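Below you'll find the structure, written out as structure tokens, and then a few comments.
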Amino acid sequence: MNSINASLLRTETGRREFIAGAAKTFLGVTALGHVGGKALAVPGENTSPLKQVPTARNVIYLYMTGGMSHLDTWDPKKNSEVMGLTKAIQTKADGVQISEYLPLMSRQMDKVALIRSMSSTQGAHEQGQYFMRTSYTLRSSIRHPGMGAWLEKFQNRGNPTLPATVMIGNDSKHPGAGFFEAKFAPLMVSNPEAGLKNVSRLERFTEEEFQDRLSLSKKLDTAFEQTYDLGRVRAYTDMYDDAVKMMKSEELKAFDLSAEDAALRDKYGDGKFGQGCLLARRLVEHGVRFVEVTFGSWDTHNANFTKVPEMCDELDAALSTLLSDLEKRGMLKDTLVVLATEFGRTPEINANDGRDHHPKAFSCLLAGGGVKGGTVHGASDERGNTVAEGVVSIPDFNATIGYALGLPLDQVLFSPSKRPFTVADKGKPLAHLFA
């Protein structure tokens, strides 16, 4: 220990780099891929004991990367000038029409609360995605926690040997744990069909050797922790312990899609998004509280009327199967399914047969988790250009998710710089959407 540069270990980054290196070379494992992010949160004063009774325990959050066109999916209009080639169809929900590109979902809309009056202040992708996931605008001085991190911060994880949050996709810009401890960061899974990688000890180490090295590592860490009794140091130690628990957990079978019936896998679709939705259902079934699955790109500046139908085919199969699968297993009532995107697309069709960024009005949806199905909140105008009634801000939308989970929306936590934050900033939940 004396040979280690003490000044390196006094910093958060140095400590993180040391742990990551030691995990591979000393313990012989590579299960620390989710190490990273800021690692400090301070419970705030001025908190309130008030919170709503939860209607959902888990969240499957489907993120449509790139800005989904509301006009060509969830909010079609009678005005042919703005609709281009897209036509509307009736659904199982009385009076609710959606795009013809979503025929399977048309039969599931009785389970869905459709929000057609979303509005954002952010018109660029990175800023819009960050805002949607955190309720706060992107800035260089701080990183805010995502909803999964807030959930684990306020409530217990569902399975003690699995992470509380899993991110399925390849989004390196996800806010993750933000300024919370690193242990609240999501586990990242790039390919849902590949299983969970790097969770076994290296072959050159026996179990006995692994345990010996783990024991010695803890002894070395004890002296450091006593010298530097800091929250961020304890957080990395906890995260290290969680990684070892996960390595030895029988619950890792949750990541194995080969255990699923082939016919059901086919119904979800053979793409990464469809299989990601199936993996999300398996993870929730095994106690993971918050699973995000990303799908895109919906950035249809060009060939909107070619690309949107193709993406809708994959979305339609996966989302409709997910809802029916959850319902058949008795899981839909406890699982809130969210579909979100950073903004919509313009009513105007550009010279490239595409639609451009449009944060003024777009659509998102909620299903399960106590939500009243077959309902619509708000409306955009006859062109889908602006919100005509019932405007919903990004913080309002996230407050609604927090409301369903029973999170204390008004409880203040402080960042390392002592600035106060809440789950959804000043957002107000749409409580009337719940039964």
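The values are calculated or read from the model by the stated rules, or taken from the named source; none is laboratory data. All figures in this text were calculated on a predicted structure; none of them were measured in a lab. Ideal geometry is used to build each Cβ from the backbone, glycine not excepted, and the neighbour counts take in all protein chains shown.
Here are some notes:
- Applying the criterion of at least 1 residues that are of a type outside the set (Lys, Arg), under 19 Å from Trp74 (Cβ atoms) and touching a His at 6+ places or on another chain (Cβ under 7 Å) to the strands (runs of 3 or more DSSP E) found wholly in the stretch 310-407 leaves 362-368.
- Selection status of Asp299, at pLDDT 95 or above, more than 22 Å from the chain's Cα centre (by Cα) and either assigned to a loop (DSSP other than H, G, I, E, B) or within 20 Å of Gly169 (Cα to Cα) (or both): no
- Screening Thr375, Thr346 for residues that are hydroxyl-bearing (Ser, Thr, Tyr), under 24 Å from His125 (Cβ atoms) and either buried (at least 16 other Cβ atoms within 10 Å of the Cβ) or at pLDDT below 95 (or both) leaves exactly one candidate, Thr346.
- You will find that of Thr341, Thr321, Thr335, Thr386, the residue that is of a type in the set (Ser, Thr, Tyr), in contact with a strand residue (DSSP E or B) (Cβ under 6 Å, 6 or more places away or on another chain), in the same structural domain as Ser117 (by TED's automatic domain parsing) and over 15 Å from Thr55 (Cβ atoms) is Thr341 and no other.
- Residue in the stretch 136-145 that is hydrophobic (A, V, I, L, M, F, W, C), crowded, with 17+ Cβ neighbours inside 10 Å, over 27 Å from Asp334 (Cβ atoms) and free of Cβ contacts under 8 Å to residues at least 60 places away in the same chain present: yes
- Some residue of the stretch 71-84 being in the same structural domain as Glu327 (by TED's automatic domain parsing), hydrophobic (A, V, I, L, M, F, W, C) and buried (at least 24 other Cβ atoms within 10 Å of the Cβ): yes
- Some residue of the stretch 245-268 being under 27 Å from Ser69 (Cα atoms) and not in a helix (DSSP H, G or I): no
- Condition check for Gly354: of a type in the set (Gly, Ala, Ser), on the phi > 0 side of the Ramachandran plot and at pLDDT 95 or above: no
- Restricting attention to the stretch 378-406, the residues that are charged (D, E, K, R) and either crowded, with 18+ Cβ neighbours inside 10 Å or within 17 Å of the chain's Cα centre (by Cα) (or both) total 1.
- In the set (1) closer than 29 Å to Pro420 by Cβ; (2) not in a helix (DSSP H, G or I), Leu151 fails one condition alone, (2).
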